[in-house]
Amino acid sequence: MMPKRALTPNQMWAALIAVAGHVPVPLTGSDYLELLPVRWQAITPAGITIHHRTYDHDLLAPYRGQASPVAGRGGKWEIHYNPHNVRQIWIRLPDGELTEIPWIHRDHVHQPFNDHTWQHIRTHAHHNNHNDSQQHEAGLADALDQLMRRVHSGHATTTEQALLARATTLPVPAARHPQYGTGPITGESAQHGEDDSIDDLDDLPDDDTRPAAAAGFGLYDAHEEADKW
C-alpha cells in the first residue's frame, strides 16, 4: 500500500504484525540459559575461576589450558551464569551445547547465593591460608555455610539477614548436566499469585531500564509461561 515509502525494520515488523498477527512461543529451558549473562573465561588446569570461586568437572579435562574455537576472544570460553545463584555456571563446549559446571564447594553450601553475598564473605572472613588458594576458597565456603546456618537458626545479625534476603533466587529450568543428562537445577522456588499477569509490567517505573534478567522478571515469567504450556 506504500510501495515508495522507506520503512525501518521495526516499522515493517509493526505493519506486517497488524496484517498477519503472530503466534507467541514460550521459552524453553535452553532458551533461558542462552539469555543468561555471558562472560569469557579461560579453562586452567584447576578449572574455571571466577571471583576466587573454582568451577570444575572431569569433562573439562580435554580442554584444560586449551584455547576455545571462538575467534577474537583471546582463547577464552563462553560462560553463562545466573547472577542470583552462582553455585554453577554453564560453558559452551565445541559441540555447541551449554553444559553445567558446578562450583567445587557446591555440596558444602546447600543454598543458592549471589555474588554480592560472596563478596561480603570475602571482605569479612579472616583466614590464615591466603597463600594457599584452595584452602582459602574452602575457608570462604565454610564461612558462607556458617552464615547461612546463623540466618536459618535465627542467630544472624540484621545485616546478615538482609544480605541473604537479597540472595533469594528463582528456579532455573532444566539444563544439560555434566553427565549429558537433563534435570532440574537446585534452587529455591518462588511462588506467584494466581493474579500475576504480564499486564502488571506496565506498572513498572519508566526509569527502570535494567535488562529483564537483572530486574528479576521477564525471563523467569517467560519460563513460568512455558511450564503452563
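The values are calculated or read from the model by the stated rules, or taken from the named source; none is laboratory data. Predicted, not measured: the structure shown is a model, and the values here were computed from it. For neighbour counting, all protein chains shown are included, and Cβ atoms are generated from backbone atoms with ideal geometry for every residue, glycine included. Surface accessibility is based on the protein's heavy atoms, side chains included, excluding ligands, DNA and RNA. Shrake-Rupley method; radii C 1.70, N 1.55, O 1.52, S 1.80 Å.
Filter segment 77-108 down to the residues that are over 18 Å from the mean Cα position of the chain (by Cα) and over 24 Å from residue 140 (Cβ atoms) and list them by number.
Result: 94, 95, 96.
Which one of 72, 47 is at pLDDT below 95 and not hydrophobic (A, V, I, L, M, F, W, C)? Explain how you work it out, then say what you get.
Values: 47 fails: at pLDDT below 95.
Residue meeting the stated conditions: 72.
Given (1) open to solvent by less than 90 Å² (accessible area, probe 1.4 Å); (2) part of a helix (DSSP H, G or I); (3) within 30 Å of residue 78 (Cβ to Cβ), where does residue 17 come up short, assuming only one miss?
Of everything listed in (1) open to solvent by less than 90 Å² (accessible area, probe 1.4 Å); (2) part of a helix (DSSP H, G or I); (3) within 30 Å of residue 78 (Cβ to Cβ), residue 17 misses just condition (3).
Please list, ordered by first then second residue, the pairs with beta carbon atoms under 8 Å, 6 or more apart or interchain, first in segment 23-35 and open to solvent by 40 Å² or more (accessible area, probe 1.4 Å), second modelled with pLDDT of 90 or more.
Final answer for the pair search is 27/35; 30/98; 34/80; 34/98.
Look at residue 143 and say whether it is surrounded by 16 or more Cβ atoms within 10 Å (Cβ to Cβ), touching a helix residue (DSSP H, G or I) at 6+ places or on another chain (Cβ under 6 Å) and in a loop (DSSP other than H, G, I, E, B).
Values: surrounded by 16 or more Cβ atoms within 10 Å (Cβ to Cβ): yes; touching a helix residue (DSSP H, G or I) at 6+ places or on another chain (Cβ under 6 Å): yes; in a loop (DSSP other than H, G, I, E, B): no.
Answer is no for this residue.
Here is a yes/no grid of residues against (1) touching a residue at least 40 places away in the same chain (Cβ under 8 Å); (2) of a type in the set (Asp, Glu); (3) open to solvent by 70 Å² or more (accessible area, probe 1.4 Å); (4) touching a helix residue (DSSP H, G or I) at 6+ places or on another chain (Cβ under 7 Å):
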site: 52; (1), (2), (3), (4): yes, no, yes, yes
site: 61; (1), (2), (3), (4): no, no, no, no
site: 72; (1), (2), (3), (4): no, no, yes, no
site: 79; (1), (2), (3), (4): yes, no, no, no
site: 87; (1), (2), (3), (4): yes, no, no, no
site: 91; (1), (2), (3), (4): yes, no, no, no
site: 94; (1), (2), (3), (4): no, no, yes, no
site: 112; (1), (2), (3), (4): yes, no, no, no
